[in-house]
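J.: Would you mind keeping the following structure in view while I ask a few things?
The values are calculated or read from the model by the stated rules, or taken from the named source; none is laboratory data. These figures come from a predicted structure and were not determined experimentally. Positions of Cβ are backbone-derived with ideal geometry, glycine not excepted, and every protein chain shown enters the neighbour counts.
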Amino acid sequence: MNNIRFSDESLALVQKMIQRYPEGRQKSALIPMLHVAQAEFDGWLAPEVMDYIASLLNIQPVEVYEVASFYSMFNLKPVGKCVIEVCRTSSCWLLGAEDVIRHLENKLSVKVGGTTTDGMFTLKSVECLGSCGTAPMMQVGADYYENLTLPKVDQLVEKFRHDGKRKCYTDQPENVTI
Amino acid sequence: MPKVTIDGQMIEVPDGTTILQAARMIGGPIVPPAMCYYSSLKTSGGYCRTCIVKVSKGSEKDPRPMPKPVASCRTTVMDGMEVQNITSPEVVEARKGVVEFLLLNHPLDCPICDQAGECHLQDLAYEHGLSKTRYEFERRTFEKIDIGEKIKLHMTRCILCYRCVKVADQVTNKRVHGVMNRGDVAEISTYIQHAVDNDFSGNMIDVCPVGALTDRTFRFQSRIWNVNPMDAHRDCKTCSGKVTLWMKGNDVARVSARKDKYGEVIDWICNDCRFEKKDAHDWQMDGPTNIERHSVISQNHYSLKEPAHKPLLNTLYTAPADRQLNSNN
Amino acid sequence: MGKKLLLQHDHVPGIHSYEVYRKHGGYASVEKAMKQLSAEAVVEEIKKSGLRGRGGAGFPTGMKWSFLAKPPGVPRYLVCNADESEPGTFKDRYLMERHPHLLIEGMITSSFALGANTSYIYIRGEYFYVSRILEKAIEEAYANGWLGKNILGTGYDLDLYVQVGAGAYICGEETALLESLEGKRGNPRIKPPFPAIAGLYGCPTVVNNVETIAAVVPIVTMGGDEYAKIGIGKSTGTKLISASGHINKPGVYEIELGVPVEEFIYSEEYCGGIKNGKQLKAVVAGGSSVPILPAHLILKTVNGEPRLMSYESLSDGGFATGTMLGSGGFIVMDEDTSIVKNLWNFTRFYHHESCGQCSPCREGTGWMEKILHRILHGHGKISDIDLLWDIQGKIEGKTICPLGDAAAWPVAAAIRHFRSEFEEYVKNPGSIQDVKHYYRLNNLTEA
Ligand SMILES: Cc1cc2nc3c(=O)[nH]c(=O)nc-3n(C[C@H](O)[C@H](O)[C@H](O)COP(=O)(O)O)c2cc1C
Ligand code: SF4
Ligand code: SF4
Ligand code: FES
Ligand code: FES
């Protein structure tokens, strides 16, 4: 991974991002850029990727590591193509989030935090995603999947497996037309 | 110039003085302990919360008390302000809480720690802490890492005072270490093993209030009470060259910056003086260091020769039954 | 039917699009502010309206705006807080997803009032798809001359950007949000200085919640005095309530402040009563940070008066018998809910979300979680309950930012009102066997 470089398209996007901020405040683009980087470089932020971002923003690499390690959406280790993030907080929990998590653990034969051996799924449990009225819920890539039931979870997992695609936060959402 | 009263003692101070600075001007037991504030480091302070005090009167203009205790190191004095530190039982109790939090995950490995005897956390625990911890869970641990060739990081002992980060930002020309992760797994790290190799990086060791950053070139692995501090100087192109030598007999065991009575570095020193000049002939001796700071060394909680840590530790902490006092996990 | 100001066009198909929004009177507040009023006059209307911040603290918005420093030659910023991460709160997402132009319009009118020429909407990273909806709406607003240079020929310029976060509850705290917007870790700043003096990039800054900014639109359109007539006492206007938990009709409801809690829970217009015909046990009325109240205290104040959905009524009785309106995250728990386990869940949340800067919150949140975990699993001691009480007291008010308080209050309230339940867990660990299944309430096996 020595020749880390954004695609021309991403590079253009990133250059545009940097211009949103006043002169000398380009570091503000760091978090949006890390999202683009994570989507482009296999769903996680390898040290080389973070060093590359630092060089684009002309900041010290440690400033990137500090930020990347603070936020829960950035993966600092490789993850599966689909990261399934199940809300485990308050209302989701009251309405069965633990059942959903356990079901997924059994179905995928991984523990929370783990990745399936085929590299397809990573299972995570996350804090309230602002969808408590449609609990329990989970997020995969850009999309929210709400009012979950176990059969619905099964269907979704099959669908993801069938799609076989990497899912990223930056994707066009499938559930909402914009 | 605003006047402020701290624990009944009034003092007039320049505009912009913080409560902590004003208290230090008064001196004595009313000075709040400070674990993260460092006068020569900009934006330091506010993190550890040991220096909290009660503002019972905001100012002459607005006499209302402040609703919550404030960090004295980050609160500017107003004219007519009245502050309670040791005269407020609430503050004393709250500070006990803070000390307990700071010690919660601390390994209590004082018997094997280089910093023992000059550790501010030890002083703090002795003076302001509870007699024993109520924490009954596994302590958090981290692997020791080397930050470059000369500095060792025992993250397990770190209290996240941010001082070393500010030294790297403000005193060296390039920061390569920082705070990773968040919450109670936040840690000082380099993430990947970058060397910290700046002319002034060694000052991180001196600002560390605990034994988290230590000098890998410290010779003889001496305990601090087995060495004698001597002020010395040399002609140095990079720094003032004014240092404290920690002498074992006629040998230089360690070189550090000189510190004031609050344990703060007076002049930053360069890495050459600190790490490379380990021969007494490199130095002109100025005489024994006057240890007047509020410390176990000066207060004879330790004698400089005899380690008296056992009884101290026994009163301070009751280690959970299943744990060895000096085990390092 | 209560008055609807923010969601009045909720049922209009296509209201998220510029054309439909405009057809229904959209952007009138910008026209009015810029053509009929002045910046100062808009601030005056907000003051008159009595609007209070909808992000949680309920600070009067007009007052906040008038604190904004205006040193000459220094830019000022308006930053919209769309971080919405308080457990139980989902109204901002609803508003942004379905009514993006309402927020954009509010941002333009508010930025004009504050004299900001660059404004940002900071939205939590998980709402990435919502950020796209906003970006599209912003594009439409630029295309129609509501953003950019010389808006409506007034000479006023405004650029509006959406900034995404990346997963950190603490970035909802306004100074942590500003740090994050500057590309740093979301560590709250030590105050003073407050953002009104030195906020984003060290410049004077106002941070307001999504709903607060949206409410500027009807206030400017109808006038502050008219707005102040809606609601009750100092709780003026309408409020979006995110209702969730064991109720028949969870969702976002716009209420006129002052609706009785009992009506809100049981009427068909709102929550439609408790699910599966169960009894109400407790409510967390304003997002996970506010004190939990048992059924009798949420329905009636300690003086026996009906409790209303308003700032004052919900906090009647202080923390001893009252709570807070907070962010309006209304979490309802039925008779089968385990308060201890729920508290553990909340405490785990705060432990996970502590930024780690100050020692009481960094160390104390994890400690409380561990003790609760132990109690929950039948290894607790009676003294643990007092220890919890003591720890929360040593966190509250001693930290850099209010996350410490937010972690302490739920613990205090649960012990205050449900102590016997904690004791039961300690004395009778056998009963936990059943308790373990308390949370499996939904029959999730049905499609
Ligand atoms: C830990 C913490 C989390 C917060 N989260 C949010 C949030 O998600 N959204 C929000 O609008 N305000 C949040 N706030 C409140 C903000 O700090 C700030 O008061 C608010 O954005 C001001 O806007 P308002 O006056 O319009 O309510 C939070 C505060 C704290 C201490
Ligand atoms: S290593 Fe030492 S100086 Fe650095 S943050 Fe930790 S305790 Fe402070
Ligand atoms: S109270 Fe918690 S979240 Fe707030 S600054 Fe302190 S450690 Fe960070
Ligand atoms: S509790 Fe799961 S989305 Fe809020
Ligand atoms: S010295 Fe003031 S908070 Fe640490």
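J.: Residues to consider are C:355, C:361; find the one that is within 14 Å of chain B (Cβ to nearest Cβ), assigned to a loop (DSSP other than H, G, I, E, B) and modelled with pLDDT of 95 or more.
T.: C:355
J.: Would you check which residues across segment C:7-31 are surrounded by 14 or more Cβ atoms within 10 Å (Cβ to Cβ), free of Cβ contacts under 8 Å to residues at least 60 places away in the same chain and within 25 Å of the chain's Cα centre (by Cα) and list them?
T.: The one that is surrounded by 14 or more Cβ atoms within 10 Å (Cβ to Cβ), free of Cβ contacts under 8 Å to residues at least 60 places away in the same chain and within 25 Å of the chain's Cα centre (by Cα): C:8.
J.: So which pairs qualify, if the first residue must be in segment C:262-283 and in contact (Cβ under 8 Å) with a residue 24 or more places away in the chain, the second must be surrounded by fewer than 15 Cβ atoms within 10 Å (Cβ to Cβ) and in a strand (DSSP E or B), the Cβ gap must be under 8 Å, and the two must be at least 6 apart or on different chains?
T.: Close Cβ pairs satisfying both conditions: C:262/C:306.
J.: Then there is this: Of all residues in segment C:364-403, which are away from ligand 3 (no atom under 16 Å from the Cβ), within 15 Å of residue B:184 (Cβ to Cβ) and either small (Gly, Ala, Ser) or modelled with pLDDT of 95 or more (or both)?
T.: C:370, C:371
J.: List every residue pair whose Cβ atoms sit under 8 Å apart, with the two residues 6 or more apart in sequence or on different chains, where the first one lies in segment C:230-253 and is within 12 Å of another protein chain (Cβ to nearest Cβ) and in contact (Cβ under 8 Å) with a residue 12 or more places away in the chain and the second, anywhere, is of a type in the set (Lys, Arg) and surrounded by 23 or more Cβ atoms within 10 Å (Cβ to Cβ).
T.: These pairs meet every condition: C:240/C:54; C:240/C:91; C:241/C:91; C:242/C:91; C:252/C:91.
J.: Which of the residues belonging to segment B:34-50 are of a type outside the set (A, V, I, L, M, F, W, C) and surrounded by 20 or more Cβ atoms within 10 Å (Cβ to Cβ)?
T.: Hits for segment B:34-50 are B:37, B:38, B:44, B:45, B:46, B:47, B:49, B:50.
Residue-by-condition table, conditions (1) in a helix (DSSP H, G or I); (2) away from every other protein chain (no Cβ under 14 Å):
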residue: A:4; (1), (2): no, yes
residue: A:11; (1), (2): yes, yes
residue: A:17; (1), (2): yes, no
residue: A:21; (1), (2): no, no
residue: A:27; (1), (2): yes, no
residue: A:30; (1), (2): yes, no
residue: A:37; (1), (2): yes, no
residue: A:42; (1), (2): no, yes
residue: A:51; (1), (2): yes, no
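J.: Is there any pair linking a residue in segment C:395-414 that is under 15 Å from residue C:346 (Cα atoms) to one that is within 16 Å of ligand 2 (Cβ to nearest atom), with Cβ under 8 Å and at least six apart or on different chains, and which?
T.: Between residues of segment C:395-414 that are under 15 Å from residue C:346 (Cα atoms) and residues that are within 16 Å of ligand 2 (Cβ to nearest atom), the close pairs are C:403/C:355; C:404/C:358.
J.: Also: If you take the residues in segment C:48-77 that are buried (at least 18 other Cβ atoms within 10 Å of the Cβ) and of a type in the set (D, E, K, R), which one is nearest to residue C:228 (Cα to Cα)?
T.: Going through the qualifying residues, I end up with C:52.
J.: Sticking with this structure for a sec: Scan (1) assigned to a loop (DSSP other than H, G, I, E, B); (2) within 14 Å of chain A (Cβ to nearest Cβ); (3) over 24 Å from residue C:214 (Cα atoms) for the single condition residue C:270 breaks and write down its number.
T.: Going through the list (1) assigned to a loop (DSSP other than H, G, I, E, B); (2) within 14 Å of chain A (Cβ to nearest Cβ); (3) over 24 Å from residue C:214 (Cα atoms), residue C:270 breaks only (3).
J.: Which one is surrounded by the fewest Cβ atoms within 10 Å (Cβ to Cβ), of the residues in segment C:168-189 that are part of a loop (DSSP other than H, G, I, E, B) and within 13 Å of ligand 1 (Cβ to nearest atom)?
T.: The extreme case among them is C:189.
J.: Can you find, within segment C:200-236, the residue that is farthest from ligand 4 (Cβ to nearest atom) among those that are outside any helix (DSSP H, G or I) and at positive phi?
T.: Selected residue: C:223.
J.: Same structure again: Considering only segment B:72-157, give the strands (runs of 3 or more DSSP E) lying wholly within it that have at least 2 residues that are crowded, with 23+ Cβ neighbours inside 10 Å.
T.: B:81-84, B:151-153
J.: Let me ask something else. Which pairs do you get when a residue that is facing chain C (nearest Cβ under 7 Å), found in segment A:128-143, comes within reach of a residue that is among the acidic types (Asp, Glu) and outside any loop (DSSP other than H, G, I, E, B), reach meaning Cβ atoms under 7 angstrom, with the pair 6+ apart or on two chains?
T.: Close Cβ pairs satisfying both conditions: A:129/C:126; A:139/A:85; A:139/C:126.
J.: Can I ask one more? When residues of segment B:92-117 are filtered for being away from chain C (no Cβ under 14 Å) and over 17 Å from the mean Cα position of the chain (by Cα), how many remain?
T.: Residues meeting the conditions: 2.
J.: Got a sec? Which of B:211, B:183 is at pLDDT 85 or above and either within 14 Å of chain C (Cβ to nearest Cβ) or within 21 Å of residue B:272 (Cα to Cα) (or both)?
T.: B:183
J.: Right, another one. Please go through segment C:245-258 and give me each residue that is buried (at least 22 other Cβ atoms within 10 Å of the Cβ) and under 17 Å from residue C:324 (Cβ atoms), ordered by number.
T.: Matches in segment C:245-258: C:255, C:257.
J.: While we're looking at this one, here's another question. Pairs under 7 Å by beta carbon, first residue within 14 Å of chain A (Cβ to nearest Cβ) in segment C:172-199, partner within 16 Å of ligand 2 (Cβ to nearest atom) and not in a loop (DSSP other than H, G, I, E, B), six or more apart or different chains?
T.: C:185/A:66
J.: Still on this structure, I have one more. Return the total of residues in segment C:392-431 being among the hydrophobic types (A, V, I, L, M, F, W, C) and under 17 Å from residue C:337 (Cα atoms).
T.: Here the count works out to 6.
J.: Here is a further query. Out of all the residues in segment C:298-326, which are closer than 19 Å to residue C:411 by Cβ and either touching a residue at least 24 places away in the same chain (Cβ under 8 Å) or within 14 Å of chain A (Cβ to nearest Cβ) (or both)?
T.: C:298, C:319, C:320, C:321, C:322, C:323, C:324, C:326
J.: Take the conditions in the same structural domain as residue C:109 (by TED's automatic domain parsing), at pLDDT below 95 and within 16 Å of ligand 5 (Cβ to nearest atom) and apply them to residue C:188. Does it pass?
T.: No; evaluated as a whole, the condition is false for this residue.
J.: I've got another one for you. Would you tally the residues in segment A:132-163 being touching a strand residue (DSSP E or B) at 6+ places or on another chain (Cβ under 9 Å) and closer than 27 Å to residue A:42 by Cβ?
T.: Within segment A:132-163, residues that are touching a strand residue (DSSP E or B) at 6+ places or on another chain (Cβ under 9 Å) and closer than 27 Å to residue A:42 by Cβ number 13.
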